[in-house]
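K.L.:
Let me give you the structure first, and then I'll get to my questions.
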Amino acid sequence: MIMESLLPLAVFAFVSSITPGPNNIMLTSSGIMFGFTRSIPHMLGITAGFCVLLLICALGIGSLLIALPSIQVILKTLGSGYLLYLAWKLRNMSFQADVDRNAKPMSFYSAALFQFANPKAWIMAITSASAFLPLVEPFWLALTLYCAIFSAINLPCVSVWAGAGSVLRRYLAQTVWQRVFCTVMVLLTIYSAISIWL
């Protein structure tokens, strides 16, 4: 019975964590600009902040939002609008081999706080809390399993995007590859904006 309720949660956690969104797009950019190792605090901050968001939604805030369709529409509109804004910004992004010495990757705390402004994170947390919370007792055990499983799947998934960025880093000094990268990232971001409404 427990496994039957955990498997759908694990599948949802994987699909929602690995697909494009603001976190993954920013991590790819961070991997390109700073490399994988320097992006680790960013990755950990995403997972930690999202874990707190999962907990908040599981405790009832998610249910409140689901009960008010107008808030869902507002959240989806803001989320898709933000993603389209990111796509617009990404269209002319260029990679410079010599990164500004003052530039720093996103910190653990900034990445954690960003989850509360990330529309995709809210949608993931609300959906999972309403549909995939494990059916076990006591409730604290269900919450623990829920957050632990989602976090254990989320961290490797977001890490893939930072790793991809660090691999791409060596190729993006060439203008042709910069254009290919920008086109792919813009298309993935637009896909994310559309998928919010599906």
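The values are calculated or read from the model by the stated rules, or taken from the named source; none is laboratory data. From a predicted model like this one, the values you see are computed outputs, not experimental measurements. Cβ coordinates were reconstructed from backbone atoms using ideal geometry, including for glycine residues, and neighbour counts include every protein chain displayed.
K.L.:
Within region 147-164, can one find any residue that is over 14 Å from the mean Cα position of the chain (by Cα) and among the hydroxyl-bearing types (Ser, Thr, Tyr)?
P.N.:
Looking through region 147-164, none of the residues is over 14 Å from the mean Cα position of the chain (by Cα) and among the hydroxyl-bearing types (Ser, Thr, Tyr).
K.L.:
Look through region 184-198, keep the residues that are aliphatic (A, V, I, L, M) and outside any helix (DSSP H, G or I), and return whichever of them is farthest from Leu90 (Cα to Cα).
P.N.:
So, considering only residues that are aliphatic (A, V, I, L, M) and outside any helix (DSSP H, G or I), the one farthest from Leu90 (Cα to Cα) is Leu198.
K.L.:
Search region 16-37 for residues that are at positive phi and pair each with any residue that is at pLDDT 85 or above when their beta-carbon atoms are under 7 Å apart and the residues are at least 6 apart or on different chains.
P.N.:
Close Cβ pairs (under 7 Å, with a partner that is at pLDDT 85 or above) amount to Gly35/Ser166.
K.L.:
I've got another one for you. Do you know which of the residues in region 99-129 that are under 14 Å from Gly31 (Cα atoms) and not small (Gly, Ala, Ser) is modelled with the lowest pLDDT?
P.N.:
Residue satisfying both the conditions and the ranking: Val99.
K.L.:
What pairs come up if the first residue lies in region 124-143 and is assigned to a helix (DSSP H, G or I), the second is surrounded by fewer than 19 Cβ atoms within 10 Å (Cβ to Cβ), and their beta carbons are under 6 Å apart, counting only those six or more places apart or on different chains?
P.N.:
Hits for this filter: Ser128/Phe12; Ser130/Ile66; Ala142/Val136.
K.L.:
Check Pro156 against each of (1) in contact with a Ser or Thr (Cβ under 9 Å, 6 or more places away or on another chain); (2) in contact (Cβ under 8 Å) with a residue 40 or more places away in the chain; (3) in a helix (DSSP H, G or I); (4) surrounded by 14 or more Cβ atoms within 10 Å (Cβ to Cβ) and name the one condition it does not meet.
P.N.:
Evaluating Pro156 over (1) in contact with a Ser or Thr (Cβ under 9 Å, 6 or more places away or on another chain); (2) in contact (Cβ under 8 Å) with a residue 40 or more places away in the chain; (3) in a helix (DSSP H, G or I); (4) surrounded by 14 or more Cβ atoms within 10 Å (Cβ to Cβ) leaves (2) as the failure.
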